[in-house]
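I have placed the structure first, in the form of structure tokens, so that the comments after it can refer back to it.
Read-outs throughout are calculated quantities, based only on the coordinates presented, and are distinct from any laboratory measurement. As the structure is a computational prediction, the values presented were derived from the model and not from experiment. Neighbour counts run over all protein chains shown; Cβ positions are idealised from the backbone, glycine included.
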Amino acid sequence: MTETLRGSFDGVQQNNLVGWAQDSGVYPVEIMALIDGECIGFSLAQEHRRDLEEAGIGDGRFGFTIPIPNQFLTGTPHQVEFWINEGDARFLTPFQFQADIQAAHIGRAGQSSQSIPASTRSNGELDRKQSLIPQIDAKAALFPRLPRSPEENSLFNATMAELDKFCGLYPATPYYERLRLGARGTTRLDCFIEILNTLRRVDRERQGQRPKSGPLVSIVMPAHNRQHLIVDAIRSVLAQSYRNWQLIICDDASADGTVAAAQRFEDPRIEIVRHSERSGAAAARNACLRLARGEIIAYLDSDNVWHPRYLELMLETFAHWPGHQSAYASYFDLDIKANSIRIRKSDISRFHLEDQVAMPFVDLNSFMHRRTLYDVLGGFDERLKRRQDYDLIARYCWLREPRLIPYSLNLYQRIAKAEQITRTQKDDVASPRIVADKIASYYTDGLPATLPSWIRKVSILSWDMSRNHFAKAYCVAEALSKHVEVELISYRFFEKAFQPLADREPSFECKYFEGDTFPDFFNNFAQGIEAITGDVIYAVKPRLTSFGLGLLANYHTGKPLMLECNDLETVVSQAKASDTHVTRQLTDILTDLGKAKIPHEQIWSEILDPLVAGIPTVFTHNINLNLHYDRRCLYMRNVKDPALYAPGMFDRDITRQELGFTAEDRVILFGGLVRRHKGIFELVNLLTALADPRYKLLVVGSRETPDLATLSKEMKDNIVLLPPQPPERMAAINHASDLVILWQDPDVPAGHYQSPYKMSDAFAMGPAIIASPTSDMADFADRGLLLTVPYGDQKRLISTIRRVFDQPEQTAARRQRARKFFEREFSYASVFPAFALGAATLEPDRVYPVAEHFAQIFSEFRKRLLSEQRT
């Protein structure tokens, strides 16, 4: 003790180390406590003690209390030490104490025997000869020597106490012990917060719980000369709370005892294969994938370690989101040198693929996916010496973002003494170039995907060919026709044809039939079924003449059926605030024959919506529709032909001149179906509020509606109105416009289940987008694709509009980001791989029970109408 420092250790009270310390030159003194060489925490000596105040020691605020972790409350002797000055000086003489939960005893014994390293207290018999993971002196590895606030000390103490607890509870896994060593050496307070978050929200809340059984998980583990590391990796798999797994280890011609180390674990779930010649990590992983039997694929390198509930949490996510194909968690990035271990970082980043491509943040060891992705998109590129995981994750997440599990559940270990690819192949320039070229090709040509061999032709069903919804079925047919034979089957209930597509010459076969009402429509309806010659059916919208037609075709032929839902059909027809989602029983068509006679009547939407649950594959493009259909949907966006929607094809100035606009004008575009809930009349009022003659409103209606008629009659002097335009003209108009405003009324249910066509037009062609945060718009704003303003907040809308023009660099960045997003998810290139994912799980020649039920009731419906007609 120095001349200015005095104090004492008063013993163990209620399982706490209690004492006091005073330094005339420093207040408060920081105390560091070690038990058996393990740091158990820090404390500032500033607690008030009446006995000290009565003894005349200042105001008595010099006490400290440090909780003893449960692992030391065993009733056996332990050594306790106190240090000050960030571990530079010992405070008092070491003591021995003995304590348990019921009682505590303290005895002063001077210097004690040598402390016991934590690594020998748990499973020391398992490969503790490792030289790659250093045995670090506890005091030397402590929280780095920087001034710390009481709050920081408290955070460190709480973290170490929790880690100590779980080290004792789960000695079978190396996860907690390794994380504890890394935590001692870090300066990152955010890492402590993340450790505590995981330990409290995952480990503590689930303690004693066993996860539900679920699908088999195949774990891929390549290994090369990992004798001293693979044991910990395997231990972390064996310690998983989720037990239904298959671990496939591919030894890539190791020259050490890697295979022998793996063979020590006699578990039938572990399979070991070996390459006689070294082939590289990609080939080793592919060898494992070929042996994988699981529905879910996971990856664990032989030098990393999983949290014991990693598989459990990931499997829960896949069960909760059955339509998602992949998921990822964060990880602790550990830097392991010869004499130190520290956590470099632990970032939990929201996924956006362009961010992942620019600076990868998803680690393969924390990434899992459904087997379908491997079946359709293939495995690892064996040309790559490095970045093979980066390439695979980009491909597997190209069409849809993975689900994020918001915890750090993997220890990614950068080990100085180990030969890791990040270091041994750092000079490889060929692999990054190959990956960059591949990613560039995905934007233009789409992902290379594989269809099941039995699918040679696709039948696409559109319930009507006269309205704007026909465009979706047409675009899907046109995109798929580049890869497989396609036929498009539809009915004509209203006008002759959807005007913007009326003059197109399709590259695929079209079969159109006249619409009518039952019973006269039965013959044409049957002709539609007979016209289906594809191997698989893709119906657009749960309407009678698409989904219903597909169900009957499945019943009669066994052809598998997929369905795309791009609106909530029960609330879309009127699109008003009073709309509510209503469903009806299939048998209601027998009791409400008058409405059911009309094939496009609302009753059919209300009847067919619940039947969607009975088919294996459903597509959508909207988060709320995905939730409506139990999170099971794959995604098929509102796609456009990138050959037409290409900014470089058009001269913006010439198009603006043709439309009557000057270079100084700021053109706000409203395109598509003109309906009040889409904010069209608010945009007219906006022009007055802006009080700036440069702002012009351009409206391009897809067809006549009552709201468009009102607009044309009452406000024609304030806006430019154009009739429906073909796709190439709409592309030019978007390119010439400055701004698209999607201000949908959140009180109208229909808007929450839509993804506006004019949004994808704008993504493709460059006008800035401002939207109300309904549907997917809030998500797109988070991704940096557009700006949002709450519906009705005109002042904020005006300021946001001005922001678009006053901040050209930010606007240009969003435009560039949106174009990439369009090319990846909204262009024709995205259709075939998305379709292939949906087709991968289909079975030919299988009649669905829901199709049998529908056919039975529909047959009775037909009999009753025909009988009514005869009478």
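When 628, 556 are arranged by Cβ crowding within 10 Å, least crowded first, meaning fewest neighbours, the order is 556, 628.
Which loop-located trypsin sites (Lys or Arg not before Pro) does the range 776-871 contain, where loop means any DSSP state but H, G, I, E or B and the Cβ has at most 15 other Cβ atoms within 10 Å? Display every interim value, and only then the final one.
Working: sites: 783, 795, 796, 802, 803, 814, 815, 817, 819, 820, 824, 846, 862, 863, 864, 870; in loops: 783, 846.
Listed in order of number, the matching sites are 846.
A DSSP coil position with no more than 13 other Cβ atoms inside 10 Å describes none of the GluC sites (Glu not before Pro) in the range 445-537.
Restricting to DSSP loop positions (anything but H, G, I, E, B) with no more than 15 other Cβ atoms inside 10 Å of their own Cβ, which trypsin sites (Lys or Arg not before Pro) remain in the range 607-660? Walk me through the numbers before you get to the answer.
Numbers: sites: 631, 632, 637, 640, 652, 656; in loops: 631, 632, 637.
Taking the range 607-660 and a limit of 15 other Cβ atoms within 10 Å, the loop trypsin sites (Lys or Arg not before Pro) found are 631.
Roughly what % antiparallel, to the nearest 5, for the DSSP beta bridges in the chain? Antiparallel: roughly 40 percent of the beta bridges in the chain. If you line up the long axis of helix 522-531 against the longest principal axis of the chain, both from Cα atoms, how many degrees apart are they, to the nearest 10? With rounding to tens, the tilt is 60 degrees. Basic side chains Lys and Arg get +1 at the Cβ, acidic Asp and Glu get -1 at the Cβ, and with that the dipole of the range 482-536 about its Cα centre reaches some 160 debye.
Do the alpha carbons of any pairs in 496/640; 482/758; 597/640; 472/559 sit beyond 29 Å of each other, and which pairs? From 496/640; 482/758; 597/640; 472/559, over 29 Å: 597/640.
Of the residues 563, 816, 189, the one whose Cα sits farthest towards the positive end of the charge dipole of the chain is 563 (charges of +1 on Lys and Arg Cβ, -1 on Asp and Glu Cβ, taken about the Cα centre). In summary, the convex hull built on the alpha carbon positions of the chain has an orientation-averaged projected area of 45.2 nm². Here the Karplus relation 6.51 cos²θ - 1.76 cosθ + 1.60, evaluated at θ = phi - 60°, turns the backbone of the range 860-871 into coupling constants of 5, 4, 5, 4, 5, 5, 5, 5, 4, 5, 5, 8 Hz, with x for every Gly and Pro.
Ordered by the number of other Cβ atoms lying within 10 Å of each residue's own Cβ, fewest first, 173, 545, 372 fall into the sequence 372, 173, 545.
The long axis of helix 680-690 is offset from the longest Cα principal axis of the chain by roughly 70 degrees. Projecting the Cα atoms of 258, 168, 855 onto the charge dipole of the chain (Cβ charges, centred on the Cα centre) puts 258 farthest toward the positive pole. Ordering 83, 31, 353 by Cα displacement along the dipole of the chain toward the positive end leaves 353 in first place; charges were set at the Cβ atoms of Lys, Arg (+1) and Asp, Glu (-1). Centroid-to-centroid, using Cα positions, the range 44-74 and the range 785-818 are 57 Å apart. In this Cβ point-charge picture (+1 for Lys and Arg, -1 for Asp and Glu), the range 457-635 has a dipole of about 280 debye about its Cα centre. Normalised by the residues of the range 647-826, what does the relative contact order come to in percent, with Cα pairs under 8 Å and at least six apart? Worked out over the range 647-826, it gives 21 percent.
For the chain, what is the mean residue ellipticity at 222 nm derived from helices alone (per DSSP H run of n ≥ 4: -39500 (n - 2.57); sum divided by total residues; nearest 500 deg cm²/dmol)? List each step's numbers first, then the result.
Values: 31 runs with 290 residues, N = 871.
So the calculated ellipticity at 222 nm is -9500 deg cm²/dmol.
Shown for the range 234-353 is the translational diffusion coefficient from the Stokes-Einstein equation, using the Kirkwood radius over Cα pairs, a temperature of 20 °C and a viscosity of 1.002 mPa s: 130 µm²/s. The charge dipole of the chain, taken about its Cα centre with unit charges on the Cβ of Lys, Arg, Asp and Glu (plus for the first two, minus for the last two), comes to roughly 620 debye. Each of 20, 83 was scored by other Cβ atoms within 10 Å of its Cβ. Listed from fewest to most, they are 83, 20.
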